[in-house]
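The block underneath contains the structure these notes are about, expressed in structure tokens.
The values are calculated or read from the model by the stated rules, or taken from the named source; none is laboratory data. Remember, it's a predicted structure, so these values are computed and weren't measured experimentally. Here the Cβ is made from the backbone with ideal geometry for all residues, glycine too, and neighbour counts use every protein chain on show.
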Amino acid sequence: MHKYSVRCPICDEVQDSMSLACSKGHDALLRTSYEASQLIPKDLPGIWKFYDWLPVEGIIREGTGNTVTYKSEAFARELGLSDLYIAYNGYWPEKHASMMTCTFKDLEAYPTMQTLLERKDNRIMVVASAGNTARAFAHVCCITGQPLLLVVPEKSAHRLWTLHEDTSPICLVTVEGDYYNAIELASNVASKEGFVSEGGAKNVARRDGMGTVMLDAVLTMKKLPMHYFQAVGSGTGGISAWEAAIRLIRDGCFGNVLPQLHLAQNLPCAPLISMWSGNIATKGTVDEKCPKDMYDDVLFNRKPPFSIVGGVRDALQATGGRIYGIDNAAAAHAQQLFEELEEIDINPAAAVAVAALMEAVKKGTIGKNDSIVLNITGGGMERLRRDHNLYPIIPDMRVSAHDPEAEFKIAEKVAEKFQR
Ligand SMILES: *Cc1c(COP(=O)(O)O)cnc(C)c1O
């Protein structure tokens, strides 16, 4: 038996480990099943602590960080909670948190690039991103030297910095348009020969990487939490937390009740809320203005993996989950309170989850003594800026989303840059 296999949850057929969809055409997120049935942390750096439950056969040692889970005191006291744990993803030297791109997207990028490495797949990885994912993949690729094509909305380009002076493995294209335009363009380029797409929610390496947040939390808490709070755009982190919890229940050491998912979106750009409430009429017809004026536009996704088997709807149904709509004022208030009490700066997206937790407490949706994990999906960026030298990633080219030639121009640019 191999370390793991990738299967379709509908027909249970084993799939190629890199495939993004069932070979029989079932509309489902493929899932990993691991030979190891128990969570035994490995003495390896960063995310590789969870090597047994990651779909890889080797590791990228350098520059990896893992989630740090700790029991909250000040913020928990403020909310009157007795069993609140913070799953912190980011940079925070005092807590030994060293996710150097400051969000949990690091947890997706490392296993994804490792799977390419071990298959000696030298196609060019294509990543469309509103910023945080791009930064995470850029970080890994600067370490491994793997070529990377980033397609990023122009307005998000300020989020692209790295700790690496030499960014030659990266080709950065900025798009005049929104995240959705960037995704579409990237997917057109990725379908060309010599390119490979990271696959988003369909990529098991991404999901199992994000799932390590739940694994880390459970190692600290010695039990599964009753509640899991996270800010979502695509909801992939929520799916991953659910999948990790299923594995932890099978393990047998941490309880047998799935944590309830509490997923938070930023109003009014919150398509998952209308999908979950069954308002099909609003599906895909989000306010034209979105993601303008969002508290954090990394939380915007027009096409979240909602109704696909194993997607957000299934995750919410299986866990008795809830979705929260958080407006900017609530997020700002939550951010200020959290930063003051926990003494670390957090990503605006993470503040949306903090606000959802505050709302749940206020409305009595959760009990004061319930065990809770609050996923701080990003933090410590201001702190990192103070401690380290950050280099902006300079765009190689700029295209318009309306230019019918854009994908060809990008492919040409890449060929020139990487001499292919
Ligand atoms: C991407 C991101 C999220 C949302 O993640 P999902 O893919 O929707 O689970 C939340 N917070 C931060 C900081 C992010 O970068």
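The table that follows gives values for the structure above.
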| read-out | value |
| --- | --- |
| Pairs, first free of Cβ contacts under 8 Å to residues at least 60 places away in the same chain in the stretch 32-46, second of a type in the set (S, T, N, Q), C-beta under 8 Å, six or more apart | SER33/SER5; PRO45/THR64 |
| The stretch 275-296: number of residues that are modelled with pLDDT of 90 or more and surrounded by 20 or more Cβ atoms within 10 Å (Cβ to Cβ) | 5 |
| Positions within the stretch 133-158 being aliphatic (A, V, I, L, M) and within 19 Å of the chain's Cα centre (by Cα), in sequence order | ALA134, ALA136, ALA138, VAL140, LEU148, LEU149, LEU150, VAL151, VAL152, ALA157 |
| Lone unmet requirement of (1) away from the ligand (no atom under 16 Å from the Cβ); (2) assigned by TED's automatic domain parsing to the domain that holds VAL373; (3) among the hydrophobic types (A, V, I, L, M, F, W, C) for MET113 | (2) |
| Residue match in the stretch 47-66 (condition: of a type in the set (Ser, Thr, Tyr) and either within 18 Å of the chain's Cα centre (by Cα) or not in a loop (DSSP other than H, G, I, E, B) (or both)) | yes |
| Residue within the stretch 244-257 that is in contact (Cβ under 8 Å) with a residue 12 or more places away in the chain, within 11 Å of the ligand (Cβ to nearest atom) and under 16 Å from the mean Cα position of the chain (by Cα) present | no |
| Near pairs, Cβ below 8 angstrom, 6+ apart or cross-chain, from the stretch 387-399 (assigned by TED's automatic domain parsing to the domain that holds VAL173) to any residue that is of a type in the set (D, E, K, R) and assigned to a strand (DSSP E or B) | ARG398/GLU176; VAL399/GLU176 |
| Pairs where the first residue, in the stretch 352-367, is more than 16 Å from GLY378 (Cα to Cα) and assigned by TED's automatic domain parsing to the domain that holds GLY80 and the second is away from the ligand (no atom under 16 Å from the Cβ) and outside any loop (DSSP other than H, G, I, E, B), C-beta under 6 Å, 6+ apart | VAL361/LEU79; ILE366/HIS227; ILE366/ALA360 |
| Residues (out of contact with any helix residue (DSSP H, G or I) (no Cβ under 6 Å at 6 or more places or on another chain) and hydroxyl-bearing (Ser, Thr, Tyr)) located in the stretch 168-199 | SER168, TYR179, TYR180, SER187, SER191 |
